[in-house]
Every structure is written in structure tokens, then in C-alpha cells.
Amino acid sequence: MEIHYFYRREYDSFFYNIELVAWLEETEISRQGNKRLSFTQLERLRIFLSKDNESYHNHLIKHEFAENSCMGHYAHTRKELFEAMKKNLLFPIDSRNYERFRKVAIALYHKQPLVDFSKFKGKQTYSIHQIIGD
């Protein structure tokens, strides 16, 4: 068993945009009795955070993880997996840096302020027009 780690980090002066994915490689026997590789997703973490919360407050975290995941990949060779990840702009990374990126990304998320609902009390100053139909 081997774990393959991938990351995507888009550089922007206004946002943090990070995605991390870990795939578990296992050997399986196909219906025809052939020995081949199988890849199961252990974790996918996507974080999008605005750096300046005063002018633009927008945050997203999506974190899927499981030790007994049912999320598989169609690839049956390492080459196929790496090509598929490259198409999605995800690049290989070692386990040490993967775990370091994950720790930093989650720490950044925890530092973000939640929506302050008290800012929205009072009378609505705008109107919403809704068109029902086709």
C-alpha cells in the first residue's frame, strides 16, 4: 500500500486558494482475474479564503475524508492517476509537505471570523425582484 499526495495552490494577492488530495493505492483482482491497481480517496481538502475581511469577506471549506472511503478513481495504473491529477491542475507532493500544507490551511480557516449577523439588523434598504415563469 502506498499513498499518493497532490496539491493545488493558486497564488493571488487577495485570496488563499488551496486544494489537497490523498489517494490510497491498493492491489485488486479484476473480474477477468487480472492483478491491477486501485485508488481510493482518503482525503480531499479545499479552502478558499479572502485575505482582507474588511473589504471582502468570503470563505469556503470543503473537507472530505474517510479511512474506509468508497470514493474510488477510474485509474488502474499510477501513470493514469498522475495524468488525471495533472489535468485537474493537481501536482504531486511528498507526505511531509502535504501534512504541513493541511495544517496551515486548517489553521488559516480557524482564524477567519464568522458572519456577524448583528450587522444586518434593521429595515431592508433594497428590493428584490423575482420573476416566476420560464
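The values are calculated or read from the model by the stated rules, or taken from the named source; none is laboratory data. This structure is a prediction, so every number in the text was calculated from the model and none was measured. Glycine gets a Cβ as well: all are built from the backbone with ideal geometry, and neighbour counts include every protein chain shown. Only protein heavy atoms, including side chains, enter the accessible area calculation; ligands, DNA and RNA are left aside. Shrake-Rupley method; radii C 1.70, N 1.55, O 1.52, S 1.80 Å.
Show me the strands (runs of 3 or more DSSP E) entirely contained within the range 1-66 in which 1 or more residues are more than 14 Å from the chain's Cα centre (by Cα) and surrounded by fewer than 16 Cβ atoms within 10 Å (Cβ to Cβ).
By residue number, 2-11, 15-29, 35-50.
Being over 18 Å from the mean Cα position of the chain (by Cα) and open to solvent by 70 Å² or more (accessible area, probe 1.4 Å) is the filter here, so list the residues in the range 97-115 that pass it. Before the answer, list the steps.
First, the residues of the range 97-115 that are over 18 Å from the mean Cα position of the chain (by Cα): 111, 113-115.
Those that are over 18 Å from the mean Cα position of the chain (by Cα) and open to solvent by 70 Å² or more (accessible area, probe 1.4 Å): Lys111, Leu114, Val115.
Of all residues in the range 73-107, how many are among the basic types (Lys, Arg) and assigned to a loop (DSSP other than H, G, I, E, B)? Show your work before the answer.
Residues of the range 73-107 that are among the basic types (Lys, Arg), as a first pass: 78-79, 86-87, 96, 100, 102-103.
Subset that is assigned to a loop (DSSP other than H, G, I, E, B): none.
Qualifying residue count for the region: 0.
When the range 108-134 is examined, which residues are found to be in a loop (DSSP other than H, G, I, E, B) and hydroxyl-bearing (Ser, Thr, Tyr)? Talk me through it step by step, then tell me what you get.
The first filter runs over the range 108-134 and keeps only residues in a loop (DSSP other than H, G, I, E, B), leaving 111-116, 121-134.
Selection gives Thr125, Tyr126, Ser127.
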Failed item in (1) over 15 Å from the mean Cα position of the chain (by Cα); (2) surrounded by 14 or more Cβ atoms within 10 Å (Cβ to Cβ), with Asp94 passing the rest: (2)
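For every residue, the table says whether it meets (1) touching a strand residue (DSSP E or B) at 6+ places or on another chain (Cβ under 8 Å); (2) modelled with pLDDT under 80; (3) over 15 Å from Ala22 (Cα atoms).
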position: Gly72; (1), (2), (3): yes, no, no
position: Thr77; (1), (2), (3): yes, no, yes
position: Leu89; (1), (2), (3): yes, no, no
position: Asp94; (1), (2), (3): yes, no, no
position: Tyr98; (1), (2), (3): yes, no, no
position: Lys103; (1), (2), (3): no, no, no
position: His110; (1), (2), (3): no, no, yes
